[in-house]
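J.: I have a structure here, written as structure tokens, and I will follow up with some questions on it.
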Amino acid sequence: MDAILHLSLTPEQARVVGAWALVLVVILDLLASSDDVPFNTPRDWLLWLSQWKSLGLWCKERRRAATKGGRRWAPFSPLHYLPVTGAGVPFMCAVLVGHFFHPGLGPLLGPGGFVGLASCLGAAAVLSAVTYFTKPGTGQRLLFVVALVGVVWGALAWPVRG
Amino acid sequence: MRDSTRAVVQAVGAPVRITRETLAGRRRPIWWSCWGVVWALVLWDVYLSLDGTCGNTWSEVMRAASARNPVLPWIFGAFLVHLFHPRDGLEPVVDHDAARTVMVALTLGFVAIGVSGVQLTGWLMSAVACLGMVAGHFLWPKLRQGEWHW
């Protein structure tokens with residue numbers, strides 16, 4: 001695959017590609033900010049993903065959406081009830097910040113540090129599930145704490161190769 | 001006013017269900033572009049971390065770049081708490097103009113440190129990220145996270 005797509009990069013090439021990816025996100029943000037459609041910037045998507053919805057609120061919304069065409073029952077899809085938003089998103093954003101900016105705390109466990117990464121993803125999944133059992137108001141008060149814990153977790157559990 | 005603009009303006013004032021349906025189609029291009037970029041970077045990072053070359057994953061590149069440019073951990077730290085803070089309507093500890101001025105001045109200060117060739121070593125990089133978080137929390141809270149017309 002590498003012969004076709006040239007996916008392997010030297011650190012210098014990776015720096016250029018990463019910089020251009022950041023520029024691309026900024027351009028998307030500027031484009032979305034300057035059009036007449038509200039709440040469609042990358043920042044808005046991020047905040048939307050981190051919206052805190054209790055299970056009751058979520059189910060009520062899905063049921064209302066599913067029955068709006070005059071149907072009397074909501075077709076069930078497990079996808080409607082997956083706990084993929086809420087606390088997990090700010091936690092993973094914070095984990096990335098902790099992962100990027102630390103002094104190099106030790107060797108990675110597994111190729112690419114997958115053991116630490118798995119612990120981060122597991123904690124994010126647990127936090128997302130916890131989102132379902134707490135009230136949205138409580139959730140927003142906890143966002144900052146979640147972000148702080150995420151930074152520390154990312155730095156300690158998922159260090160960059162020194 | 002253009003028809004498309006009028007439709008959006010009318011939709012924003014309409015009941016939530018109508019608004020969602022009207023705006024969904026207009027939001028889709030940005031939505032898919034964002035997801036495309038994010039997933040491309042994630043999958044590419046997995047490939048890079050397994051290809052045997054040291055120092056070429058996004059995190060390693062970011063860490064190396066941050067050592068020379070302290071403005072990077074500063075901005076990422078500030079932006080993190082700008083988005084995820086404890087409540088709506090949180091005001092900066094000083095008035096908005098002063099807060100904006102201080103944030104811009106500190107950002108320019110970190111740019112100047114980077115330009116002058118100072119390297120961040122050890123815990124300094126983490127300290128700058130944490131400083132960004134503290135400054136972002138007290139000076140740059142997003143006014144409203146709120147419920148939107150989704």
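J.: Is the shape of the stretch B:50-122 best called rounded, prolate or oblate, per the rule: a/c under 1.5 gives rounded, else a/b larger than b/c gives prolate, else oblate, with a ≥ b ≥ c the square roots of the Cα gyration tensor eigenvalues? Display every interim value, and only then the final one.
T.: Working: a/c = 4.40, a/b = 1.65, b/c = 2.66.
It is oblate, given that a/c is not under 1.5 and a/b is not larger than b/c.
J.: Arrange B:80, B:43 by Cβ neighbour counts within 10 Å, fewest through most, would you?
T.: B:43, B:80
J.: Going by C-beta contacts inside 10 Å, put A:6, B:82, A:99 in order with the fewest on the left.
T.: A:6, B:82, A:99
J.: By counting other Cβ atoms within 10 Å of each Cβ, how are B:91, B:60 ranked from fewest to most?
T.: B:91, B:60
J.: Sticking with this one: Treat each spin label as a single point 7 Å out from the Cα along the C-beta direction, and report the residue A:22 to residue A:7 distance in nm.
T.: Placing both labels 7 Å beyond Cα along the Cβ direction yields 2.4 nm.
J.: Which whole-Hz couplings ³J(HN,Hα) result when phi for each residue of the stretch B:113-122 is put into the Karplus expression 6.51 cos²θ - 1.76 cosθ + 1.60, θ = phi - 60°, listed in order with x for Gly and Pro?
T.: Couplings: 4, x, 5, 6, x, 6, 9, 7, 10, x Hz.
J.: Taking θ = phi - 60°, what integer Hz values does the Karplus form 6.51 cos²θ - 1.76 cosθ + 1.60 yield along the stretch B:67-72, in sequence order, with x for Gly and Pro?
T.: 4, 8, 10, x, 5, 5
J.: Same structure again: Mind checking A:145-155 for the average number of partner chain beta-carbons within 10 Å of each residue's beta-carbon?
T.: Per-residue shielding by partner chains comes out at 3.
Read-outs: derived from the displayed coordinates by stated rules, not from any lab. In this text, all values refer to a predicted model and were calculated from it rather than measured experimentally. Cβ atoms come from the backbone with ideal geometry, glycine included; neighbour counts cover every protein chain shown.
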